[in-house]
1. Could you grab the pairs with beta carbons closer than 7 Å, sequence gap of 6+ or different chains, first residue in the range 156-167 and assigned by TED's automatic domain parsing to the domain that holds residue 178 and surrounded by 13 or more Cβ atoms within 10 Å (Cβ to Cβ), second one at pLDDT 75 or above and of a type in the set (Gly, Ala, Ser)?
2. Scan the range 168-211 residue by residue and report those that are surrounded by 14 or more Cβ atoms within 10 Å (Cβ to Cβ) and among the hydroxyl-bearing types (Ser, Thr, Tyr).
3. Those residues that are out of contact with any Leu (no Cβ under 8 Å at 6 or more places or on another chain) and in contact (Cβ under 8 Å) with a residue 24 or more places away in the chain, I need them from the range 36-60; list them, please.
4. Within the range 99-133, can you find the residues that are closer than 27 Å to residue 71 by Cα, loosely packed, with under 14 Cβ neighbours inside 10 Å, at pLDDT below 70 and not acidic (Asp, Glu)?
5. Between 185, 190, which is in contact with an Asp or Glu (Cβ under 6 Å, 6 or more places away or on another chain), on the phi < 0 side of the Ramachandran plot and modelled with pLDDT of 85 or more?
Amino acid sequence: MPSTKIGGSRIELLARWLLVLLSVWAGVNYFLQGNMVRVLSAVLTVVLFLLFPLLGKLFKISLPLPFKVIWLLFIGASMYLGELHNFFYRFAWWDELIHSGSAMLLTYAGLLLLYVLSRDQRIHLKLGPLLTALAMIWFTLSFGAVWELFEFGVDQVMGLNLLKGRAGTDMSGVYDFQRALLNTMGDLGMDLAGALIVAVAAFFHFRGGGRSCFGRPLELFIKNNPSRFRQDAGPED
C-alpha cells in the first residue's frame, strides 16, 4: 500500500542518517584520541552509507526499498560494527559472515547488471541459464579480486588494517604479510562460495521458466524501472 511504502522509505532514510551521525560521532571520538587510522575508517563508513542512493540517482535507477535496507544492514555490519566497533576482532567468524553475505548480494547485483545490458539496444547480449550463472560467478570473483587489491593499497598507503595483517587494533604493530595473504585467500574463498549459491539458484530459476521466489527481487527491480526493460527479453532457456 502507498502509505506503507512511504513509511518504510522514511524509516530507511532516518536509519541511514542516524548511522551516518553515529559514524561521524565515532570518527570525532577517534580524532580526539589521536587515532587517525580509525578516523579514516569512519570517513569511509560515511561515504559507503551514502553511496548506494547516490549511485541510484547518478544512473537514474529507482532502487526498491528492500535493496536500500539490505545495503544499509550490510554497511552497518561490515563497516560500522566490523571496523569502528571491532567486531572483526571480537568475533573470529564475523569476517567470513560478511564476505559470504556480500558475495551473495554482489552476485545478485551482477544478475541485475546482465538484465540491464541485455536490454540495451547498443549491446547484443543474450545468455542462456548456464552462461548467465557463470557470468554471475565471474563478476563476483572479479569484483572480489579488485576489492582485495583496494584493501591492500589502503593498508599500505593509509596504514589501515583491512586485510587483518595485524592481529589486533593496535596499528603500531608489525604488519604480517603472510597473515594478510591467508586472510585474502579466505575472503576470496568465501566470495566463491557465496557466488556459487546464488548462481546455482539462478540457473535452476531460469531453467524452470523463471517461476520461483528467487526472481522476486529481480521482478521488483524491473517493476521500478520499466523504461529500462522490455517485457519479452530475458535469459534464453
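1. 160/41; 163/180; 164/180; 165/180
2. Listed by number, the residues that qualify are 169, 175, 184.
3. 44, 46, 48, 50 - these are the residues of the range 36-60 that are out of contact with any Leu (no Cβ under 8 Å at 6 or more places or on another chain) and in contact (Cβ under 8 Å) with a residue 24 or more places away in the chain.
4. The answer is none; no residue qualifies.
5. 190
The values are calculated or read from the model by the stated rules, or taken from the named source; none is laboratory data. Since this is a predicted model, take the numbers as computed values, not measurements. Virtual Cβ from ideal backbone geometry, glycine too; neighbours counted across all protein chains shown.
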